[in-house]
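One structure below.
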Amino acid sequence: MLRVEGLETAYGLSQVLFGVSLDIAEGEVVTLLGRNGMGKSTTVLSIMGVVRPRGGQVHMEGKVISGLPSYRVAKAGLGLVPEGRQVFPNLTVRENLVATASRKGPWTLERVYALFPNLRERERHFGNQLSGGEQQMLAIGRALMTNPRLLILDEATEGLAPLVRSDIFRSIGQLKAEGLSLLVIDKDVRALTRVADRHYVLEKGRVVWNGTSAELEAAQDVQHRYLGI
């Protein structure tokens, strides 16, 4: 579904990505792992067209989307849950969800509320009145309302309480069961190996390892050297 080939991205004179390549099949959950500052978020921003790569290509369902503005990348079927949530603070929960809604596709208000019942209870509250966990649920729901073919979650559980993190991973498992393709960035390797099919590890803007969950669990040297475990 998604194929990234030789992505090269820089901020001014500072190059961050050096030939990053990865692929995600339909219905597959894939993770992007690595310590802070290794290029994970830059990879996501480059895929989404927020940052323009200076080399390489991104294909979505066989069509080149690299170089397109971010709104056209979104229309091609990619949804993003950005790092830091970035919900609209002065809109209600319902308004946040309706603001990004696509008319075509299975995701509706009712389906989002079924996935995250807390949002139904807080429907009339403003974004800045929600807890961190509720804001994260809203950010995921908002992305789902675009009815993406592939959903990208950038640090979706960062800074959340353990119980809320469990809820987020439960929702990821449910989305996988429904056949949605996912690219997930997170630091909880143990939780990711339970839900993801494959993993890519980034080190200083390069893919240094990739493999299945079983292979990652067995690769203690990779976990220690590149993930700090």
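General remarks:
- From the list Asn118, Asn90, the lone residue that is farther than 20 Å from Ser181 by Cβ, not in a helix (DSSP H, G or I) and not charged (D, E, K, R) is Asn90.
- Cβ separations smaller than 6 Å between residues 6+ apart or across chains give the following pairs from the range 187-215 residues that are over 16 Å from Glu5 (Cα atoms) to residues that are in a helix (DSSP H, G or I) and open to solvent by 50 Å² or more (accessible area, probe 1.4 Å): Thr193/Glu217.
- Just one of the listed residues (Glu123, Glu110) is open to solvent by less than 60 Å² (accessible area, probe 1.4 Å) and either without any contact (Cβ under 8 Å) to a residue 24 or more places away in the chain or assigned to a loop (DSSP other than H, G, I, E, B) (or both), and it is Glu123.
- Filtered by the rule that a residue be under 20 Å from Gly133 (Cα atoms) and open to solvent by 20 Å² or more (accessible area, probe 1.4 Å), the range 164-189 gives Val164, Arg165, Ser166, Asp167, Phe169, Arg170, Gly173, Gln174, Lys187, Asp188.
- Matching residues in the range 59-71 - criterion: being touching a residue at least 12 places away in the same chain (Cβ under 8 Å) and either in a loop (DSSP other than H, G, I, E, B) or in contact with a Gly (Cβ under 7 Å, 6 or more places away or on another chain) (or both): Met60, Glu61, Ile65, Ser66, Gly67, Leu68, Pro69, Ser70
- Comparison of Ile185, Ile172 shows that the only residue that is touching an Asp or Glu at 6+ places or on another chain (Cβ under 6 Å) and of a type in the set (Val, Ile, Thr) is Ile185.
- Subset of the range 184-228 that is under 20 Å from the mean Cα position of the chain (by Cα) and hydroxyl-bearing (Ser, Thr, Tyr) - its residue that is nearest to Ala10 (Cα to Cα): Tyr200
- When the range 196-229 is filtered for residues that are in contact with a helix residue (DSSP H, G or I) (Cβ under 8 Å, 6 or more places away or on another chain) and among the polar types (S, T, N, Q), the ones remaining, listed by number, are Ser213, Gln223.
- Counted residues, the range 20-39 - those being open to solvent by 30 Å² or more (accessible area, probe 1.4 Å) and part of a strand (DSSP E or B): 2
- Long-range neighbours under 6 Å by Cβ, at least six apart or interchain, first residue closer than 23 Å to Ile229 by Cα within the range 30-58, second β-branched (Val, Ile, Thr) and crowded, with 24+ Cβ neighbours inside 10 Å: Thr31/Val184; Leu33/Val201; Gly34/Val201; Thr43/Val20
- Top-ranked residue of the range 40-58 - restricted to ones that are part of a loop (DSSP other than H, G, I, E, B) and not aliphatic (A, V, I, L, M), ranked as farthest from the chain's Cα centre (by Cα): Arg54
- The criterion of being open to solvent by 10 Å² or more (accessible area, probe 1.4 Å) and closer than 15 Å to Thr100 by Cα does not hold for Asn128.
- For Glu83: the one exception among (1) open to solvent by 70 Å² or more (accessible area, probe 1.4 Å); (2) at pLDDT 95 or above; (3) within 27 Å of Gly173 (Cβ to Cβ): (2)
The values are calculated or read from the model by the stated rules, or taken from the named source; none is laboratory data. The structure presented is a predicted model; accordingly, all values stated were derived computationally and were not measured. Glycine also receives a Cβ, built like all others from the backbone with ideal geometry; neighbour counts cover every protein chain displayed. Areas reflect the complete protein model, heavy atoms only, side chains present, ligands, DNA and RNA absent. Shrake-Rupley method; radii C 1.70, N 1.55, O 1.52, S 1.80 Å.
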